[in-house]
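Okay, so here's the structure we're looking at.
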Amino acid sequence: MPDIATTQGRTSLNCVFQDPDRIELIEEHVPEPGPGQILCAAKKSLISTGTELACLKGRFDEGTVWSTWVRYPFYPGYSMAAQVLETGNGVKGIKAGDRIICPVGHRQYFLADYKEAALIPDWIRDEEAIFTQIAKVALLGVLRAEPEFGERVGVVGLGLIGQLVIQYLNAGGARQIIAIAPENSRLDQARRNGATDLLNLPVAEAFGPVEELTGGRMLDTIYDVTGSYTVLSYCTQLTRNLGKVILLGDSTEPSKQTIGPKVVFNSVSILGIHGRMMEGFKGWTEVDMNGFIFESLRRGKLDVASLITEVASPLEAVSVYSRLAERKSDFMGVLFDWTQL
């Protein structure tokens, strides 16, 4: 890591999507912190593969959040662990030298609103702390479903969020957790996280196997964590009457998404949830969620270390994103180690 001594601003190496399918590392000036701001040096940052690849691809229906949020040049990433270098006037509870997490992109140095940062406890490593943001998204999904003990559930989309959903469901007393994916490696990880049954096939072919595994009862709840417009219509067919589908993946092309043939007849509920609902959802605050996740990591109730499949230098960013785009299913947790610069 470069010298962190105070200067009159500094130059930061930043990862930028300049246009669809065009990634660059650029140097930009970072000024001194203003009131309420903290100046930080990145230590680790996590790639949110599904979200960031969608932003890189750049194909969105008009009127979607994607079409208004993603503007090029676009700075990807929202899961950062960093060290505080300086604080501006009015910053409370955070000082130089503290380790923090915050929803910032892949940048070597950056300014952040101190209210958006959270202190990392001493017992949490940086490479674990960077999973906090997506662990909160997974937690929101489970809270949205309002699960009960003994439920039969399914999970489609076994990336990072899907794997964390399985961990929460396993800890929460689900009777049966059916993981559905065409990739063996992700199914193996799902079993380690608590899945009771594995279906190595596309969700379009899952009706018969789910019917057999549940003794004809079908699923109380199924989580669609894919973000793919093709999946929802199959998920709604896998629930029981009055069952629930939890949409944790937001399709970039919802105009192509259909709900399935028997949603009304089977009285199926389709419930969406987005990460922006963290503050105040069902009485939780974001501070509560951070504390819950940190404590779950400390007690071994939540495992994120096993989800890390690659640690790379930010200098390899172009190569990393290219490999993710070509073989996304071969990877799980990919992080940038900024201390390698």
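The values are calculated or read from the model by the stated rules, or taken from the named source; none is laboratory data. Just so it is clear, the structure is predicted and the values come from calculations on it, not from any experiment. Please note: Cβ atoms are built from the backbone with ideal geometry, for glycine as well, and neighbour counts cover all protein chains shown.
Quick look at the values:
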quantity	calculated
Check on Q189, assigned to a strand (DSSP E or B), buried (at least 17 other Cβ atoms within 10 Å of the Cβ) and either under 15 Å from the mean Cα position of the chain (by Cα) or polar (S, T, N, Q) (or both)	no
Residue list for segment 115-145, restricted to those being small (G, A, S) and farther than 24 Å from V91 by Cβ	A135, A138, G141, A145
Residues that are small (G, A, S) and in contact with a strand residue (DSSP E or B) (Cβ under 9 Å, 6 or more places away or on another chain), drawn from segment 160-184	G162, A174, A179, A181
Unique match (being buried (at least 20 other Cβ atoms within 10 Å of the Cβ) and hydroxyl-bearing (S, T, Y)) among T64, T132, T68	T132
Filtered residue count, segment 173-186, keeping only those that are closer than 15 Å to V210 by Cβ and not in a loop (DSSP other than H, G, I, E, B)	6
Conditions (1) within 30 Å of D61 (Cβ to Cβ); (2) free of Cβ contacts under 8 Å to residues at least 60 places away in the same chain; (3) surrounded by fewer than 19 Cβ atoms within 10 Å (Cβ to Cβ): number failed by Y75	(2)
Segment 101-129, residues that are crowded, with 24+ Cβ neighbours inside 10 Å and in contact with a Ser or Thr (Cβ under 6 Å, 6 or more places away or on another chain)	I101, H106, R107, Q108
Test for L242: is it touching a residue at least 24 places away in the same chain (Cβ under 8 Å) and more than 29 Å from N14 (Cβ to Cβ)	yes
Residue match in segment 27-45 (condition: of a type outside the set (A, V, I, L, M), touching a His at 6+ places or on another chain (Cβ under 9 Å) and touching a residue at least 24 places away in the same chain (Cβ under 8 Å))	yes
Exclusive hit being more than 18 Å from the chain's Cα centre (by Cα), closer than 22 Å to G249 by Cβ, buried (at least 21 other Cβ atoms within 10 Å of the Cβ) and among the aliphatic types (A, V, I, L, M), set V153, V165, V137, V142	V153
Leading residue by the ranking (surrounded by the fewest Cβ atoms within 10 Å (Cβ to Cβ)) among those in segment 32-47 that are assigned to a strand (DSSP E or B) and either at positive phi or aliphatic (A, V, I, L, M) (or both)	A41
All strands (runs of 3 or more DSSP E) inside segment 57-162 with 2 or more residues being modelled with pLDDT of 95 or more and not assigned by TED's automatic domain parsing to the domain that holds C40	152-156
Total residues in segment 238-275, condition within 15 Å of the chain's Cα centre (by Cα) and either in a loop (DSSP other than H, G, I, E, B) or closer than 25 Å to P121 by Cβ (or both)	7
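Yes or no, residue by residue, for (1) closer than 18 Å to R144 by Cβ; (2) crowded, with 16+ Cβ neighbours inside 10 Å:
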site: V231; (1), (2): yes, yes
site: C235; (1), (2): yes, yes
site: S251; (1), (2): yes, yes
site: I270; (1), (2): yes, yes
site: I273; (1), (2): yes, yes
site: M289; (1), (2): yes, yes
site: F294; (1), (2): no, yes
site: G300; (1), (2): no, no
